[in-house]
Amino acid sequence: MGSTPAEGVAFYDMVSQILVPVQGTQVNGTVCTVLVQGTILFVSGKFTIVGMNMNGLATYDLVQRTWNLSGLQALQPASSASVVMQSLTMMMSLPLTLSSLHPLTTQPLTWKLMPL
């Protein structure tokens, strides 16, 4: 990473073959999981971000290259405890419509998945 320190989260630049830290404030603690949805990187673990009201869960805008806390409510630990998020899971919202072509007739087929 050269002379720029990174803590918790860094990106691998495949062209220069070096690790590049996130821009701005670094994560203070342990990152357990990352998940990308579109242009947003979700980061979870046991950490805080100095100057931001975040514990254990934060989002980083990959286009703007900034921490984006809009829409996230800070997780509040019980007294004398800390927040630890060990995993993240992405689920598709229902109803979900799937479209395909019939393999023999090539006519359009549509399915609508609904929660049970």
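Where a number appears in this text, it was derived from the coordinates with a stated rule and is not lab data. Quick caveat: nothing in here was measured; it's all calculated off a predicted structure. Every residue, glycine among them, receives a Cβ derived from its backbone with ideal geometry; neighbour counts consider all protein chains shown.
Tabulated data
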item	result
Radius 14 Å from Cβ of residue 27, net charge of other residues (Lys, Arg +1; Asp, Glu -1)	0
Zone of residue 69's modelled label, taken as backbone nitrogen in region 21-36 under 12 Å from a point 7 Å along Cα→Cβ	25
Residues 89, 59, 39, 25 arranged by fewest to most Cβ contacts within 10 Å	89, 39, 25, 59
Residue 62-residue 87 FRET efficiency (beta carbon distance; Förster radius 22 Å; 0.05 resolution)	0.60
Sorted by Cβ density within 10 Å, fewest first, the residues 60, 12	12, 60
Additional length obtainable on full extension of the chain from residue 33 to residue 50, 0.36 nm per residue less Cα span	4.2 nm
